[in-house]
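The values are calculated or read from the model by the stated rules, or taken from the named source; none is laboratory data. Here the structure is a predicted model, which is why all the values come from computation and not from measurement. Cβ: placed from backbone, ideal geometry, glycine included. Neighbour counts: every protein chain shown.
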Amino acid sequence: MLTQKKIMVCAFSGVLLLALLIWILRIVPLENKHRVIPAILLGEAVDYNQDIRPIVNNKCIACHGGVKKSGGFSLLFEEEALAVNESGERAIVPGNTRKSELLRRIKHHDPEFRMPLESDPLSGEEIELFTRWINQGAKWDDHWAYKPPKQQEIPDIQSPWIINEIDRFVLDKMGQKGLQPNPLSDRYSLIRRLSFDLTGLPPELEKVQEFLSDTSENAYEKLVDHYLASPAYGERWAAMWMDLARYADSKGYEADRPRNIWKYRDWLIHAFNDNMPFDRFVTEQLAGDLMPDPTDEQYIATAFHRNTMNNDEGGTDNEEFRTAAILDRVNTTWTILQGTTMECVQCHSHPYDPIRHEDYYRSLAFFNQTADADIPSEAPVLINFESEEDIERLTKIQSWVSDSMAAEQGPGEQYFTDLIRLGEPKLHPHYFEQIDKGIPIKGTATFKVDPLIPSRTRALPFAGEDRLMFKVRASDSGGNISFRLDSINGREVGNWEVRSKTKTRFNEETKKDESYAIMEVLSIPITPTEGKHDLYLVYEGSEEEITCTFEWVLLHHSLPGNEKPGYKEVERTFYELYNTEADKETTPVMVSLPERYQRETRLFERGSWMVPGDRVSAGVPEIWNAFDDQYPADRLGFSRWLFSPANPLTARVMVNRLWEQLFGRGLVPSLEDFGSQGSAPTHPELLDWLALRFMEDMNWDIKRLLKELVMSASYRQSSHFREELVQIDPLNEWLARGPRLRLTAEQIRDQALAVSGLLSEKMYGPSVMPDQPEGIWQVVYSGEKWQTSKGEDKYRRAMYTFWRRTSPYPSIIAFDAPSREFCLPERIPTNTPLQALVTLNDPVYLEASLALARRVLKETSWNEEQRLSLMYSLAVRRGVSQEKLADLKSLYEQTKIYFENQPQAVCQLIGEEDESLATYTVVANAVMNLDEFLMKS
C-alpha cells in the first residue's frame, strides 16, 4: 500500500512534470527561432501553400504585400514577414502565438484595430489555421510553380481503356472524383480532330477512306505520323506561335505603317517542320545574333523581339518608345516562357509573388543592349542580297578582305560582311543634339547641320577607326562640314565637302520635270582616335543657306589592302552596296551593341522611364534557379538559364501550352499566370511527369511530345457530353470526355477554302491581301491601300493574310483573333451573332460556298439526294444521316422555289444566271454554318 508520504511525493512529481511541460510549451527561443512543441498538441499539420497562402492572398496581401506595406509589414517574403515592423513588434514569432502580433490583430474586438481593416473579420476556421500554423513553427513554403518538377510515380491502375501512361494519371484523378471516361471516339470524328490539331486543316478525303479501311493495330499511329510529317504541320503551329510573338505586318501606334518581317514567319514554319528542339527554337529567337558565327536564319529568328511596335508619329521621343519596346520584350519573354506576370513588377514589387521591383530591371538589362531604336528605318535590318550582281559584289569584297588579311592585322571578313549586311553600330538621331541658339535639342527621325546649327553626340567611344560613314541629304552644294572633337572649335578629325545628290521626277500639276535632293551614303577618312570624345558636326565655309539632314553616322575601319592594285574599285563596290539598300529585301533583326557602346541599366522609380533610380546588373528573381557565373550576362546566357534542368517553369509552361491547344484547357488553366494568383494545376503529378519527360527523355522534342499526347486514350475518347457531367465536371477539368471546341479563326477560314477546293497549297513568302469589305482601312499619313491579291494568293491560308494592327482582317477578328499589339498567351473564345454574320455573308465564305456548289454539280448524273449527301461529306468528312439529309433536302426545295419566284436574286447572289448553281450555293453556305462544321468534336 502507498503511504501518505509516497502519495504526496508522486503528486509533487506530477506537478513538477506538468510545470516542465508548460515551460516547454512556453516561448523558449532556439537557434533557428522555431519552437519545439509536441505534435500531438498541435493538431493536423498546416500546409502553407494549401491553407495559409490563399488566406494571405485574398485577405492580407493588398495592404501587406509587394505594393503596399502598411506598418512596415509584408507577407510577400519570409524574411520580411518575420522581421520587426514599425511598431517594434514581430507580427509572426514561429512557435509563439502569444508574442505574434498578427494573431492579436486578427482576433481584436475593436474594428479600428482588427485586421483586415474595413473588411469582414477572418472566420474562426481561418484564425484557427493561422494559430496552428504559428504553433507549428510558421513553416514557409515556396509556391508549387517555383519548385523544380519532381519525379512522379505513375499510378498503378489497370483498365482496358488505358493506352499510355498519361491515361493512368488521368484515370486515377477521375476515380478520385467519382467519374468514368468516355469510350474512344468513332474514326470519322477522330481523324478530323487529329487533322485539325496537327495541321489546322480538315483531313484529305483519301486519308479518311484509308483510315476507315485500315484494320491494323497501328492504323491510328500511322495517321499521327502522317500529319506530323505534313508541311501543313509547320503552318498550324507557327500560327499559334505568331500570337505569342505578336507578329504583324505593320508597326502599330497611330501611323501603323507597313513592316517587312514575313521572313520571320517563314522561319517559324521551317523550325516547326524541321522539328527544331524547343530549347534551340527559343534560344535562336532570343539570342540568335549572339550564337557563334550566326547564320542568316539565326538573325532572322531574332525578329521575334523586333515584332514590338514602333511609333513613327512626328515629334515622339525615340528613347521613350525604344524603352517601351524593351519593356514589352521583358513582359513577353516572362509571360510565354515562364508563365509569370512580370509586368506587375515594372512599378513596384509583385503584389502576390516573391518578385522584387529591381528584379524587373535586372531582367530588362538582358534586353537593353541591342542596337535597335524607335526609328522609321527600323535599323538594324538584315539585307538580303538575291540578285546575281549583288551576290557577286559581296563575294568580291569578302575575297578581297580574306586575301588582304593574310598580310595585315585588323578586322576580318566577318566584320566587313556584317558592316554591309547589318551596318551597326550606327549612331541614330536620338544620340545627337542640335545646338540651336545655344540650346541643345534632341533629334527625332533625323538631325540637321546648317550654318547656324551645329550638332554633337556625347562620349562617343573611338577605337582607332579611320573612316566615318554617314547617310545625308544636302539641300544644295557648297561649303563643308567639319567633324571636331570635344568642342565646336576642337581638333578636326575629318571634313566633308558638301554636295547635293538629286533625282528628277515629273510633276503632274506643272507638267514639268523637277529635281529634288535625296539621301546618300558617304564615307570620309578620319584621323584614328582612341577613347571617349564628344563629336561635333560644324558647317563651315559658305554663305549659302544650306541644310544637311543626317539619318545616321557610323565609325568604321577601312578595307584592308589599300596598297594593292584594284583597291579603289573594291572600295567603290563596298559603298555601292550601301546605296542600294532601299531596293533590297530586308528584315528587322536583333544586333547586340559592342561592349564600348553598351548602356547602363537603371530601375525606374514607380515604373517611369523619366525617373531612373539605382543601377542594376542582369539577373533573375532569387526564387528561381540561380543565375550564376556559368551564364554570360546577356540574352544568350538568359536563354541558357531558362533551359537549365533546375529551372522550375520552362518545361511546365510549354507542356501546358501544348496540352491547352489539344484539349482546350490547360492542366494549369491560367496559361499566362503560374503564380500564386493563377489557377492551381488540376493534375499536378501529370504536369510534372510530362515536364520532366519533355526535358530529359525527349530532349525538348515537340513532335514527340505531341505524339504522346494525341496517342493517349484521354485525347482519343469521345467528346459526348453525359448528363452526370453537368454538375460534376461542366468544364471538363477532369477529362472525362474528349475535347469539343470551336475551331480557331484561321482554321474556320482555311476549312471553308479547303472543302470548296479553293485553298492554295503555296507556302512561304510575303503576306497577301484576300477579299475584305470596302472601307476597313482608313490609313492616315500614307497612301497605303488594301490591294486585293490576284490568282491563288487570295486563297492562301489565313496565316499569310496581311496583319495590320490598327485594322486587322475583320473576319479573323470576329472569331477572337487579337490585334497583336502585345503578346496574347491564350485566345478567349466567344460566341456572338457577328460570327454568324461573317460566315453567312463574308465574300470569302460566299465564294467558298459557290465553289463547293460547282464541285457538287460536276456530278451531272446524280440526283439531288446524292449531291446533297456529297456536299455534306465534302464539308464535314463523314456520311450524312437520313435526318440531316431530309433537312438539307427541305432547304434545297425551299431555296429552289424562292429563286423560281425571284429570278433576279440568282444573279445578285452568284453573278450569273444559273438557278441550280444558286440553289446549291445557298445550301453549301448553310452546311458551312453547321455547328459540326465550325467545331472540333
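Details
- Every condition in (1) within 15 Å of residue 537 (Cα to Cα); (2) of a type in the set (Gly, Ala, Ser); (3) in contact (Cβ under 8 Å) with a residue 24 or more places away in the chain holds for residue 438 except the one numbered (3).
- When residues of region 549-565 are limited to those that are crowded, with 16+ Cβ neighbours inside 10 Å and polar (S, T, N, Q), the one nearest to the chain's Cα centre (by Cα): 549
- Checking 679, 714 one by one, the residue that is farther than 29 Å from residue 302 by Cβ, among the polar types (S, T, N, Q) and surrounded by 18 or more Cβ atoms within 10 Å (Cβ to Cβ) is 714 and no other.
- Within region 433-481, considering residues that are in contact with a Gly (Cβ under 8 Å, 6 or more places away or on another chain) and under 17 Å from residue 593 (Cβ atoms), the one surrounded by the most Cβ atoms within 10 Å (Cβ to Cβ): 462
- Check on residue 306, among the basic types (Lys, Arg), surrounded by 21 or more Cβ atoms within 10 Å (Cβ to Cβ) and farther than 19 Å from residue 601 by Cα: yes
- Residues in region 362-401 that are farther than 26 Å from residue 573 by Cα and of a type in the set (D, E, K, R): 362, 372, 374.
- Within region 494-526, the residues that satisfy the criterion of being surrounded by 11 or more Cβ atoms within 10 Å (Cβ to Cβ) and more than 46 Å from the chain's Cα centre (by Cα) are 495, 497, 498, 499, 514.
Results for (1) basic (Lys, Arg); (2) in contact (Cβ under 8 Å) with a residue 24 or more places away in the chain, shown as yes or no for each residue.
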{"residue": "202", "(1), (2)": "no, yes"}
{"residue": "207", "(1), (2)": "yes, no"}
{"residue": "210", "(1), (2)": "no, no"}
{"residue": "213", "(1), (2)": "no, no"}
{"residue": "242", "(1), (2)": "no, yes"}
{"residue": "249", "(1), (2)": "no, yes"}
{"residue": "261", "(1), (2)": "no, yes"}
{"residue": "266", "(1), (2)": "no, yes"}
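- Single condition residue 137 does not satisfy, out of (1) within 18 Å of residue 100 (Cα to Cα); (2) of a type outside the set (A, V, I, L, M); (3) within 40 Å of the chain's Cα centre (by Cα): (3)
- Unique residue being surrounded by fewer than 20 Cβ atoms within 10 Å (Cβ to Cβ), modelled with pLDDT of 95 or more and either among the hydroxyl-bearing types (Ser, Thr, Tyr) or over 42 Å from the mean Cα position of the chain (by Cα) (or both) when the list is 894, 866: 894
- The residue that is nearest to residue 462 (Cα to Cα), counting only those in region 380-391 that are part of a loop (DSSP other than H, G, I, E, B) and at pLDDT below 90, is 385.
- Where strands (runs of 3 or more DSSP E) fall entirely within region 551-632, those with at least 3 residues that are over 24 Å from residue 295 (Cβ atoms) and without any contact (Cβ under 8 Å) to a residue 60 or more places away in the chain are at 612-616.
- Residue within region 640-652 that is in contact with an Asp or Glu (Cβ under 7 Å, 6 or more places away or on another chain) and at pLDDT below 95 present: no
- Every condition in (1) closer than 18 Å to residue 632 by Cβ; (2) out of contact with any helix residue (DSSP H, G or I) (no Cβ under 9 Å at 6 or more places or on another chain); (3) among the acidic types (Asp, Glu) is met by residue 312 except one, and the failing one is (1).
Let's see how each residue does on (1) among the small types (Gly, Ala, Ser); (2) in a helix (DSSP H, G or I):
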position: 393; (1), (2): no, yes
position: 399; (1), (2): yes, yes
position: 403; (1), (2): no, yes
position: 409; (1), (2): no, no
position: 414; (1), (2): no, yes
position: 419; (1), (2): no, yes
position: 423; (1), (2): yes, no
position: 433; (1), (2): no, no
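- Figure legend. Inter-residue proximity from region 162-174: first residues surrounded by fewer than 21 Cβ atoms within 10 Å (Cβ to Cβ), second residues assigned to a helix (DSSP H, G or I) and of a type in the set (Gly, Ala, Ser), beta-carbon distance below 6 Å, spacing 6+ or different chains. Indicated pairs: 163/713.
- Counted residues, region 542-567 - those being farther than 27 Å from residue 375 by Cβ and in contact with a Phe, Trp or Tyr (Cβ under 7 Å, 6 or more places away or on another chain): 2
- Hey, residue 689 at pLDDT 95 or above, more than 13 Å from residue 182 (Cα to Cα) and part of a loop (DSSP other than H, G, I, E, B) or not: no
- Residues in region 108-123 that are buried (at least 16 other Cβ atoms within 10 Å of the Cβ) and either closer than 17 Å to residue 89 by Cβ or charged (D, E, K, R) (or both): 2 in all.
- Wholly enclosed helices (runs of 4 or more DSSP H) of region 240-356 bearing at least 3 residues over 22 Å from residue 382 (Cα atoms): 318-338
- Considering residues of region 712-763 that are in a loop (DSSP other than H, G, I, E, B), within 26 Å of residue 832 (Cα to Cα) and of a type in the set (A, V, I, L, M, F, W, C) only, the residue modelled with the highest pLDDT: 743
- Residue match in region 511-529 (condition: at positive phi and assigned to a strand (DSSP E or B)): no
- Residue list for region 727-756, filter: within 24 Å of residue 659 (Cβ to Cβ) and of a type in the set (Val, Ile, Thr): 728, 744, 748
- Any hit, region 93-100, residues being under 21 Å from residue 58 (Cβ atoms) and hydrophobic (A, V, I, L, M, F, W, C): no
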